[in-house]
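The values are calculated or read from the model by the stated rules, or taken from the named source; none is laboratory data. A quick note: this is a predicted structure, and the numbers were derived from the prediction, not measured. Neighbour counts are summed over all protein chains in view; Cβ atoms, including those assigned to glycine, are modelled from backbone coordinates with ideal geometry. The protein model used for the area step is the full one, side chains on, heavy atoms only, and it has no ligands, DNA or RNA in it. Shrake-Rupley method; radii C 1.70, N 1.55, O 1.52, S 1.80 Å.
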Amino acid sequence: MTFEITHKISTIVNDNAKEIQTSFNVEFLALEKKSNFNTYEISKTKVINTPSHKNSYLTFLENLEQLTYPIKIQTTSQGEFVKLIEYREWLERWEENTAILMEEYDGNENAKDILEKFNINVYDEQIFMQNKFKEPFWNLIFFNPKIEDDEQSNNITINWNLKSIGNVECTGKTKFVKSDTGESLLCFESQDVINEGCTEIINFITSNKANQNEYMTKVKAITALDTSHSRVKYKSAIFEIQKDTSFHYKEEIFLNIRREINSK
């Protein structure tokens with residue numbers, strides 16, 4: 001099963017607008033499926049950035065990120081993340097692959113420093129796991145609440161990580177709805193006040209430290225299902241923060257799901 005992912009971030013900070021879009025695939029290879037858990041090996045294709053960048057620092061970081069794959073994980077039978085598996089074996093491959101990469105950067109002190117800082121989050125399994133799966137597209141992949149038709153879930157929380165800002169908890173409910181075209185959609189919606197830590201960072205970014213007003217987040221995540229509700233067709237999410245013209249942040253993620261013949 002392959003997730004074809006498009007991720008777009010649009011920002012306006014003090015009337016200065018920026019937009020970047022990335023595209024990549026994440027492949028789940030099923031290694032084992034049991035009644036109560038599944039085991040997968042995950043691979044990720046190289047990210048395509050639009051507009052592209054020629055920053056050597058970012059290019060080296062992307063190369064390191066690419067070397068963190070493949071990884072093996074365990075999920076519930078419902079598709080919710082449980083844990084990493086075979087971390088020690090992964091770490092051995094990481095050390096071998098980064099040693100090969102550093103041969104290309106022989107004598108480059110900047111690359112050596114970047115790798116050392118990157119490794120701080122690699123050699124602790126718990127920290128590595130937390131950082132690895134905090135990118136927003138993982139929220140959609142692992143967001144698989146189990147509710148029956150025409151029922152509404154209890155409160156559910158999605159942790160949305162904003163780069164350079166922090167982690168935002170988005171609490172809401174999930175329910176089934178019908179689209180205008182007759183699709184069955186599992187919709188999650190949330191509106192929440194941003195925590196104090198993230199508010200302080202946004203105020204700093206916008207040079208508005210005296211601001212006393214709250215920032216509100218709006219999240220809408222959609223899972224489109226087939227007619228029997230047994231298979232996911234695609235997923236999408238919009239995360240948005242807006243406060244007058246000084247700050248507007250919007251993330252849009254779309255996951256198309258491509259399955260091999262006879263796969264589930």
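Figures for the structure shown
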item	result
Residues (basic (Lys, Arg) and surrounded by fewer than 15 Cβ atoms within 10 Å (Cβ to Cβ)) located in the range 162-173	Lys163
Glu196, sole failed condition from (1) charged (D, E, K, R); (2) surrounded by 15 or more Cβ atoms within 10 Å (Cβ to Cβ); (3) out of contact with any Lys or Arg (no Cβ under 9 Å at 6 or more places or on another chain); (4) modelled with pLDDT of 85 or more	(2)
Boolean, Ile114 is farther than 19 Å from Asn139 by Cα and either open to solvent by less than 40 Å² (accessible area, probe 1.4 Å) or touching a Leu at 6+ places or on another chain (Cβ under 8 Å) (or both)	yes
Answer from Phe176, Phe204 - the residue that is assigned to a helix (DSSP H, G or I), more than 24 Å from Val26 (Cβ to Cβ) and either of a type in the set (Lys, Arg) or open to solvent by 10 Å² or more (accessible area, probe 1.4 Å) (or both)	Phe204
Filter result (touching a residue at least 60 places away in the same chain (Cβ under 8 Å), farther than 22 Å from Asn256 by Cα and not in a strand (DSSP E or B)) within the range 1-36	Asn14, Asp15
Residue in the range 136-143 that is polar (S, T, N, Q) and within 30 Å of Glu183 (Cα to Cα) present	yes
Those residues of the range 31-75 which are modelled with pLDDT of 85 or more, among the β-branched types (Val, Ile, Thr) and open to solvent by 40 Å² or more (accessible area, probe 1.4 Å), in sequence order	Thr45
Inter-residue pairs, beta-carbon under 9 Å, first surrounded by fewer than 12 Cβ atoms within 10 Å (Cβ to Cβ) and in the range 84-96, second modelled with pLDDT of 95 or more, 6+ apart	Glu89/Lys72
